[in-house]
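Structure first, then comments.
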Amino acid sequence: MLPIRRRRLLGIGAAAFGSGLLPAWAQTNNRGTARVLPALAGPDVNLKIGHTAWPIGGRKAHAVTINGTVPGPLLRLREGQNVRLSVTNTLDEETSIHWHGVLLPFQMDGVPGVSFPGIKPGETFVYEFPIKHAGTFWYHSHSGLQEQMGHYGPLILEPAGADPIAYDREHVVVLADFSFMHPHTIFSRLKQQPGVFNFQKQSLASLLAGKDLPLRDRLMWAEMRMDPTDISDVTGAAYTYLINGHAPEDNWTGLFKPGERVRLRFINAAAMTTFNVRIPGMTLTVVQADGENVKPVDVQEFQIGVAETYDVIIRPEDKAYTLVAEAVDRSGMGVATFAPREGMTAAVPPLRERPILTMKDMGMDMGPGGMAGMAHGAMGGMDHSAMDHAAMNHGGTATMDHDGMDMRDPQNAPQVKMGPGVQSISPMPKDRLGEPGLGLENVGHKVLVYTDLVSLHPNADTRAPTRSMEIHLTGNMERFMWSFDGEKFSEVKAPISFRTNERVRVTLVNDTMMAHPIHLHGHFFELVTGNPGHHPRKHTVNVAPGGKATFDLTADAPGDWAFHCHLLYHMHAGMFQVVSIRPMPGDVL
């Protein structure tokens, strides 16, 4: 039987089994070096999508696999080559593969109904495109909810010339979440009952213990039909957190020789989980973000949103280290080991106290000394008499008027279609790219922030934007409704249109109290972080609750491209759009 310290890492879901004991299937003892990810290389690659009984934590899981594994094979391609990827569908439903972050013709992007018709049961589709760049990427299904069931894999594009990142050894680290509950059941429960998987809500015990919010603040949040502990829609109550397809008790182990420079390629392939990643006792030198090289920055921890990738360099000594990928709501964690020899382990830190949302996460940032300056749980200083409680809508949308800040004021977002799918509009959203992420504000060590990222090479296009646009991330957490500008995808009348090669400044405003990783297909954009000429180029940005993020985009890839929140169930619920890029008559391309 595993030591209790490792078994506890499955998260709060373990408590449901009573007496703090895990079920028999979780009490495995297969510790040691796990299987190496199978690897394939071009120019011709064959992939088969099918059903597989996959072992997770000592239990057989029903998975949708690629060539029979979770994650799918590690694909290694090289910049400058052409590749043919033949994908055969053995499922009884349509499938697809999207090559996440890869620059390619839109017909090869792999989004059914947008860029191609999908791969029908029994059919084979051949993706063929040139490899134009290098970096750490991944691939996954864009059909239904298959991604949640294991349909994803890592993709490494090797540079054509010398790699500017020096290293002696590398390990690909694919982070994911898996549930033995069918994803359609998960989605149905999210629609039926808000917070159904949140077992860390405030309680009478926490009130009596002086933890979390005082009673009057709890009543205020209840009036607004909002939950300050609603950090993640799906938690450790339903998820096992995986590293390279392995549960914590498997102790996946990556080997090294002491003194080596080891490159770790982190990929967040989770359906719904933002991870906080650290290796206690180790400095992580971040050298790449979303496949683009950045000037090295030393940190002890970083937050990785769904669909993001980060490459880091570590320099381990002659001992074992624990890799911790802690879910942002701290309901569980993925765990692995880096060691010079097989069978070694290191201490596993306990889960840290779960964070709690504040008024800042509502987009009510009044600056130092105001609401934004309040510590977590310190909302007692608010003048609740200034709130228009009578104006609060108890049907699931929040209207709070505090010193003129109406959380349903359409004047704050004229383009947003107000309706039951819009619970609130952030009155004072703030650029939060310089913040470390929820729960990491006071951890006592250096945490990566977006403003730390500086492109290693000068930005290729430094033209000033010729126009700007604002897109609001909207939702109703009570009803699990998600959208852009108040319209879910099924209601959208027209795509977001850009002229070929135009330069546009886009600001994403998060009107919800949950972070959203927003991904644009077929492009990189430059996050506006205060490093002009060297802004970090990314394909996905995690927009903090009540915050905003601005990027500059060169619309240089004609075609129709998906634009969506990469939280799978948010996208499935409607937070999805199409970006259409077309030349105008007379354009010289």
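The values are calculated or read from the model by the stated rules, or taken from the named source; none is laboratory data. Quantities reported herein were computed from a predicted structural model and do not represent experimental measurements. All Cβ positions, glycine included, derive from the backbone under ideal geometry; neighbour counts span all protein chains shown.
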ask   = Mind checking which residues of the range 503-551 are within 16 Å of A307 (Cβ to Cβ), touching a residue at least 60 places away in the same chain (Cβ under 8 Å) and part of a strand (DSSP E or B)?
value = P517, H519, L527, R537, K538, T540, V541, N542, V543, A549
remark   = Sole miss for D250 among (1) among the charged types (D, E, K, R); (2) within 14 Å of the chain's Cα centre (by Cα); (3) at pLDDT below 95 is condition (2)
task = State which residue is nearest to V234 (Cα to Cα) when the search covers only the range 158-185 and only residues that are touching a strand residue (DSSP E or B) at 6+ places or on another chain (Cβ under 8 Å) and among the charged types (D, E, K, R).
result = D177
inquiry  = Tell me the residue from G574, G546 that is modelled with pLDDT under 95, touching a helix residue (DSSP H, G or I) at 6+ places or on another chain (Cβ under 7 Å) and under 12 Å from L473 (Cβ atoms), please.
reply    = G546
message = Could you go through the range 46-57 and let me know if any residue there is closer than 27 Å to P183 by Cβ, of a type outside the set (A, V, I, L, M), at pLDDT below 95 and crowded, with 20+ Cβ neighbours inside 10 Å.
response = yes
key: Residues that are among the β-branched types (V, I, T) and either within 22 Å of H534 (Cα to Cα) or at pLDDT below 95 (or both), drawn from the range 269-318   = T285, V286, V287, V294, V297, V299, I304, T309, V312, I313
query = Quick check, is M272 farther than 26 Å from W54 by Cα and either of a type outside the set (K, R) or surrounded by fewer than 20 Cβ atoms within 10 Å (Cβ to Cβ) (or both)?
reply = no
remark   = Residue hits (the range 294-327; assigned to a loop (DSSP other than H, G, I, E, B) and surrounded by fewer than 23 Cβ atoms within 10 Å (Cβ to Cβ)) are Q300, R315, P316, E317, D318, K319, A320
query = Any residue at all in the range 435-445 that is within 22 Å of the chain's Cα centre (by Cα) and more than 29 Å from P350 (Cα to Cα)?
reply = no
ask   = Quick one: how many residues across the range 275-293 are crowded, with 20+ Cβ neighbours inside 10 Å and at positive phi?
value = 2
Selection within the range 347-363 - part of a loop (DSSP other than H, G, I, E, B) and either polar (S, T, N, Q) or crowded, with 16+ Cβ neighbours inside 10 Å (or both) = V348, L351, R354, P355, I356, L357, T358, G363
ask   = Can you find a residue in the range 383-394 that is over 24 Å from the mean Cα position of the chain (by Cα), modelled with pLDDT of 50 or more and either buried (at least 18 other Cβ atoms within 10 Å of the Cβ) or not in a strand (DSSP E or B) (or both)?
value = no
message = For the range 413-452, which positions are outside any loop (DSSP other than H, G, I, E, B) and over 20 Å from F484 (Cα atoms)?
response = V447, Y450, T451, D452
ask   = With V36, V64 as the choices, which residue is at pLDDT 50 or above and not in a strand (DSSP E or B)?
value = V36
message = Looking for something modelled with pLDDT of 95 or more, crowded, with 24+ Cβ neighbours inside 10 Å, within 24 Å of T69 (Cα to Cα) and under 25 Å from the mean Cα position of the chain (by Cα) - is there at least one such residue anywhere in the range 177-189?
response = yes
query = What do you reckon, is S483 in contact (Cβ under 8 Å) with a residue 12 or more places away in the chain, surrounded by 22 or more Cβ atoms within 10 Å (Cβ to Cβ) and within 18 Å of P228 (Cα to Cα)?
reply = no
remark   = Checked the range 90-128 for anything outside any loop (DSSP other than H, G, I, E, B) and of a type in the set (A, V, I, L, M); matches are M108, I119, V126
remark   = Within the range 258-269, the residues that are buried (at least 22 other Cβ atoms within 10 Å of the Cβ) and in a strand (DSSP E or B) are R263, L264, R265, F266, I267, N268
task = Among what's in the range 58-79 and is among the polar types (S, T, N, Q) and touching a strand residue (DSSP E or B) at 6+ places or on another chain (Cβ under 6 Å), pick the residue that is surrounded by the fewest Cβ atoms within 10 Å (Cβ to Cβ).
result = N67
message = Please verify whether A320 is farther than 21 Å from T136 by Cα and either in contact with a Pro (Cβ under 8 Å, 6 or more places away or on another chain) or of a type outside the set (F, W, Y) (or both), treating the condition exactly as stated.
response = yes
remark   = Selection over the range 45-96 where residues are among the basic types (K, R) and free of Cβ contacts under 8 Å to residues at least 40 places away in the same chain yields a count of 1
inquiry  = Any residue at all in the range 511-522 that's more than 15 Å from the chain's Cα centre (by Cα) and surrounded by fewer than 23 Cβ atoms within 10 Å (Cβ to Cβ)?
reply    = no
